[in-house]
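The values are calculated or read from the model by the stated rules, or taken from the named source; none is laboratory data. These figures come from a predicted structure and were not determined experimentally. All Cβ positions, glycine included, derive from the backbone under ideal geometry; neighbour counts span all protein chains shown. To get the accessible areas, we keep the full protein, side chains included, count just its heavy atoms, and leave off ligands, DNA and RNA. Shrake-Rupley method; radii C 1.70, N 1.55, O 1.52, S 1.80 Å.
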Amino acid sequence: MVAAIRVPKTQRARREVLKHAPKLVETGKKTLILHGTKTSAVLNSVLSDIYHLKRDNAVKYTKKNDNIRPFEGGGESSLEFFSLKTDCSLIVYGSHSKKRPNNLILGRTYDHHIYDLVEVGVENYKSMESYVYDKKLAPKLGSKPFFAFIGEHFESAEELKHLKEVLLDLFRGEVVENLNLVGVDRIYVCTAISPTTVYMMHCALRLKRSGTSIPRMELVEVGPSMDLVVRRHRLPVESLKKEAMKTADHAKKVKNVTKDPVQGKLGKVYMPDQQVGKLTLSNDIKGLKRERREAKKNKEHSKKQKVNPE
């Protein structure tokens with residue numbers, strides 16, 4: 001049986017294939033922001049602020065979605081469909097009901113399937129528009145943030161440990177190796193008030209002279225700020241977690257071996273200096289035996305010539 005492999009024929013199709021292909025180094029994750037069947041004015045403002053903070057790498061849908069029911073069997077297929085459609089691996093879903101007012105669900109996907117979910121309630125919310133500050137201090141689009149997690153509950157409470165991971169994935173942006181301190185102009189401060197409640201605020205960084213090479217930093221609150229009360233959370237399935245945590249196997253570097261695109265695999269062999277002058281020669285060397293035989297022949301021939309002179 002021969003399997004047919006479909007090769008993309010157009011440039012657009014090739015770009016789509018490359019975009020969804022696995023990568024050794026992950027790029028910045030895109031965030032999908034969705035509204036539920038019913039949302040409150042507070043929740044609409046929260047979703048708008050999150051989109052404003054992530055607008056360089058986010059997709060927001062304002063249409064209400066009736067068939068999305070996270071934490072319920074079969075109610076997550078629409079989330080996975082939107083994740084595949086928009087190529088987003090982070091999900092922010094807002095809904096409002098009498099049982100769960102101002103409900104915010106933060107989720108992550110792997111291969112466009114739900115990986116884990118955290119449901120929080122938003123309380124004591126203050127929007128970005130309610131803060132008055134020097135607009136020159138406003139964080140720039142795409143800048144890298146600092147994170148400060150304050151409180152022992154982030155290490156002891158399972159709910160807050162999970163929420164910490166999701167918040168880091170949501171707001172950290174693209175992972176970089178080198179960072180210029182001047183380009184870091186914001187910080188997210190998360191304080192664990194109780195084992196289920198986190199006070200989160202967003203601040204701008206102001207660099208001032210300190211008399212040393214390290215500047216003094218001042219925090220200016222620019223919003224938003226809110227209390228996040230964990231209601232439900234679902235950890236990833238162990239098999240899915242194991243699959244998602246796989247990393248590419250890096251081939252071990254072999255000493256003195258290189259690869260050339262034309263000549264292929266090349267290797268260097270190092271030989272020690274051969275000190276021929278110090279070699280000990282034995283009498284059993286074939287070359288010496290031949291020389292002796294020839295010398296003996298010559299000697300006998302010369303004797304015969306002396307005995308039988310002409």
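Distance between the C-alpha centres of the stretch 110-127 and the stretch 45-100: 9 Å, rounded to the whole angstrom. Ranked by the mean number of other Cβ atoms within 10 Å per residue, highest first, peptides 258-267, 95-104, 139-148 order as 95-104, 139-148, 258-267.
So, with a 1.4 angstrom probe, what is the percent of accessible area on the stretch 27-236 that is carbon and sulfur?
Numbers: 5540 of 10780 Å².
Exposed carbon and sulfur together represent 51 percent of the surface.
Name the shape class, rounded, prolate or oblate, that the alpha-carbon gyration tensor gives for the stretch 27-236, where a ≥ b ≥ c are the square roots of its eigenvalues, rounded holds for a/c under 1.5, and otherwise prolate holds if a/b is larger than b/c and oblate otherwise. The shape class here is prolate.
Provide the net charge surrounding Met128, with neighbours chosen by a C-beta distance below 14 Å and charges set as Lys +1, Arg +1, Asp -1, Glu -1.
Numbers: positive: Lys54, Arg55, Lys126, Lys135, Arg186; negative: Asp49, Glu129, Glu221.
Residues near Met128 contribute +2 overall.
Pairs exceeding 18 Å between alpha-carbon atoms, taken from Lys144/Lys246; Lys60/Lys161; Lys38/Lys63: Lys144/Lys246; Lys60/Lys161. Roughly how far apart, in whole Å, are the Cα centres of the stretch 149-195 and the stretch 214-255? Cα centres, the stretch 149-195 to the stretch 214-255: 8 Å. For the peptides 173-181, 64-72, residues were scored by their other Cβ atoms within 10 Å and the scores averaged per peptide; the highest-first order is 64-72, 173-181.
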